[in-house]
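Take a look at the structure below.
The values are calculated or read from the model by the stated rules, or taken from the named source; none is laboratory data. All values reported here derive from a predicted model rather than from experimental measurement. Methodologically, a virtual Cβ is constructed for each residue, glycine included, from the backbone with ideal geometry; neighbour enumeration extends over all protein chains shown. These accessible areas exclude ligands, DNA and RNA; they are computed on the full protein's heavy atoms, side chains included. Shrake-Rupley method; radii C 1.70, N 1.55, O 1.52, S 1.80 Å.
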Amino acid sequence: MALFDNNSRQPNLEDDFDSEVENSDPEDSDVDVIQLLGFNVSSLAEMESWYQEYTTVDGDNIYYSIGCVDDDELEYDEMERKVQQLMPTSRVLEGFCAQCRHLLGHWPELSTDFWTPALGRSCRTVEIEAATRSGCRFCSFLFARLLRFSLLDTFRKIENRLNFLNSGQTASLMIARTYPDNNTLWLNLPGRMNDRCDFYIPQYLSIESWALSPTDNLWRKSLEQFDLIRAWIDKCCTSHRGCHSAENVLPTRLIYIGNGTLKLILTATLTSPLKYATLSYAWGRKPFTMLTTETLEQFQTGISLDDLPKTMRDAIFIAGKLDIQYLWIDALCIIQNQENKSDWLKESCRMGSVYGGSYVNIAASSARGVDVGCFTKQKYWSGGFCARTTAAEYSMVRGFCAWELYDEYTSFEYLASRAWTFQEKLLSPRTIYFGDKGLFWECRSNTMSEFVPDGLNQIFSRPLLCPQGEAYDWDGIADYYSNTNLTFVSDRLPALSGVARRQHEVTKDSYLAGMWKNDLVDQLLWTLWSPKNRTQRLELSIPTWSWASVGSRTTTFAYIRDKPTRYYAHVLDAKTLHISDPFGAVTGGELLMACPFLVPGRLGHKVRDESTSDSNANVFLRAGMRPFPITQDCKESTISADDTIFMLPIVDDSYPNSQGSSETTPANEDERESFSITGIVIRRCGNDRGRFHRIGHFSFDFYSPPYSYDPEPGRYHEFMRILNEVGASTGETECMEVLSDPPIPEARYVIMLK
């Protein structure tokens, strides 16, 4: 059911409690009145007890008091009547209701001390919805935030209780300065006055506000949808040098959509350059018209618009409105039914140039199938707004949006969960998202929405796109991509090949099944995002040392190590074997490393982290008595408790305190603020000495005073003791070669990871 569909949802409005109580029998007991009004309490005393706890408990412990209202009932028909009654009183002018106009025109004087709040206005949900329906942009945004986190009914049930108790309390909108020109607003629960928004509900309902540049003027114009898109495209093409494409090779085929015709053409007959759009969309499970060996000749004569699914028809309409005569859609431009996949294999290697050379990419961001379409915006949805605020001594135009607005339009949408479309977004110079939250623009230089059309403040957006000629944040890409889904698991590496090829063109580094040779030591330290989602290892011949060999979401912690004290391991050589595309599928790989230590042990029983419900394994080291927890990469059914495994330290991190050593030299152990050793867990591979498979990750930490925090008391020091006792001798016994002149002192023992 659509969140904002008024024809299908129950209305959300307050009860008129006073009239119900007045019309009830004076001799009714408190219990009868309470039950009449739908409260889930057995007596007035219980209601008053709830009120006392709800209004006094601190914000971190309010979960129980809020949960008590879950089973209260709401009278939706009466609420709808009340909203209809209030709508004429909202008095919406120039996009804002009377209460919001007063707030914007009398913006509170905020303290120069950050996070010192001031009261913006009181809020009743019935008034917010009435003003939303009447067109108030501020109230529409507040209403959307309540619905975004399924909190509207919770607020109303609490309001009902407060009204019954005649407390006179409402929800409140607070405002605080958080940066010199930035404000944070948050909506408190009814009857609560929290002075921070960093916990539970106020955190969910927080709004960020920043000062717009004097040159930002799109917000004033109230442009029609396609006029706004044209303005975005014009600004990007004329002002964003980083968005200019270096690609000048046309796709093999394009769909011609000009002059009222629709047909497939071979671009070899065309003169480059020309403008074409691309489409990013989810196929879904229903069959639809596509290019096959049987339809190839027919498509070159003509394609019936009526035979195409809705998303494709919408994309053709959008491209036409933008005066673009050519469109590339994978299902219509790549032959889909060849047994040897020859056309698909050839064309899938060209995604970098196909999407990189497009004029604009059209993304059906919310559609779960090709039959859904692009125009799916929910009624009354708001993703923010722009407005002038006037205080006693100054006036400025401000933008307002949620902190996670970028993710809501991109990362949280269904399209973002698909691996192929993630690549398409990264490769395209500019993408327009059409979804249930309206229009969103993302190019290599800026992000904008129809609600904040001049651009988001950069601190609110965390895009992975980067200007032409700059390298991607590969750790971020690998983390994100590992969480996407594929219809065919064999596409694990091919669906990232275009991005990898583009990265190679910038860095000239060697690509190794999702990783890069120059950063391989750091990138080896990937681990599962959540061990409870561990799966079987993918049967794709991807080497076990690559994150791409597992089917779970992974993450790399290299970004937190600003100045590692010591690298234990060194990469001597690495290679992968591929079928045809050096950035696509592989048939194997080898990594040759030099290291000073291997610590032997055996795999123990599973342990469960009660705080996260994550199930991990223990390793019992031969020279120690206590278990050492590790995170296994996947479900290894071939490992038994008697098998010997080895812990391979990769890096020793330490952070010196203010009295410690300089940034370029290791800190004295007595002066460190923290200790951390991180590495991977490996097991023998076959009968050849020195060859191993990766099976997991480990990290042991210790924090010295003044932090005095040891998450695993004594474990770090115990591991270091064992490493110093048996690490070198085990490395010499298990290695395939001993180096006489190692690249890192003591890293003499050569091993191979497969």
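Hey, among Ser546, Ser552, Ser497, Ser541, which residue is surrounded by fewer than 17 Cβ atoms within 10 Å (Cβ to Cβ) and either farther than 22 Å from Gly352 by Cβ or more than 19 Å from the chain's Cα centre (by Cα) (or both)?
Values: Ser546 fails: surrounded by fewer than 17 Cβ atoms within 10 Å (Cβ to Cβ); Ser552 fails: surrounded by fewer than 17 Cβ atoms within 10 Å (Cβ to Cβ); Ser497 fails: surrounded by fewer than 17 Cβ atoms within 10 Å (Cβ to Cβ).
Answer to the check: Ser541.
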Does at least one position in the range 419-436 carry a residue that is without any contact (Cβ under 8 Å) to a residue 60 or more places away in the chain and open to solvent by less than 30 Å² (accessible area, probe 1.4 Å)?
no
Mind checking whether some residue in the range 49-56 is within 20 Å of Asp153 (Cβ to Cβ), at pLDDT below 95 and surrounded by fewer than 12 Cβ atoms within 10 Å (Cβ to Cβ)?
no
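Looking at Phe138, Phe114 in this structure, which one is under 32 Å from the mean Cα position of the chain (by Cα), part of a helix (DSSP H, G or I) and in contact (Cβ under 8 Å) with a residue 12 or more places away in the chain? Talk me through it step by step, then tell me what you get.
Working: Phe114 fails: part of a helix (DSSP H, G or I).
After applying the criteria, what remains is Phe138.
Taking into account only those residues within the range 566-582 that are open to solvent by 20 Å² or more (accessible area, probe 1.4 Å) and touching a Phe, Trp or Tyr at 6+ places or on another chain (Cβ under 9 Å), which is modelled with the lowest pLDDT? Outline the logic, then answer.
Going residue by residue through the range 566-582, those that are open to solvent by 20 Å² or more (accessible area, probe 1.4 Å) are 566-567, 570-573, 575-580, 582.
The next check asks that each one be touching a Phe, Trp or Tyr at 6+ places or on another chain (Cβ under 9 Å); those that pass are 576, 582.
Numbers: Thr576: 96, Pro582: 93.
If we take residues in the range 566-582 being open to solvent by 20 Å² or more (accessible area, probe 1.4 Å) and touching a Phe, Trp or Tyr at 6+ places or on another chain (Cβ under 9 Å), then Pro582 is modelled with the lowest pLDDT.
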When you go through (1) crowded, with 22+ Cβ neighbours inside 10 Å; (2) part of a loop (DSSP other than H, G, I, E, B) one by one for Phe155, which number turns out not to apply?
(2)
Only one of (1) closer than 30 Å to Asn182 by Cβ; (2) surrounded by fewer than 23 Cβ atoms within 10 Å (Cβ to Cβ); (3) among the small types (Gly, Ala, Ser) is not met by Ser490, so which one is it?
(1)
Given (1) touching a helix residue (DSSP H, G or I) at 6+ places or on another chain (Cβ under 8 Å); (2) in a helix (DSSP H, G or I), identify the lone condition not met by Cys197.
(2)
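Could you name every one of the helices (runs of 4 or more DSSP H) located completely within the range 296-357 that has at least 1 residues being surrounded by 19 or more Cβ atoms within 10 Å (Cβ to Cβ) and acidic (Asp, Glu)?
Numbers: elements: 296-301, 310-321, 330-333, 342-348, 351-356.
Correct list: 310-321, 330-333, 342-348.
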In the set Gly373, Gly399, Gly369, the lone residue that is small (Gly, Ala, Ser), crowded, with 23+ Cβ neighbours inside 10 Å and not in a helix (DSSP H, G or I) is Gly399
The condition from (1) at pLDDT 90 or above; (2) open to solvent by less than 40 Å² (accessible area, probe 1.4 Å) that Leu218 misses is numbered (1)
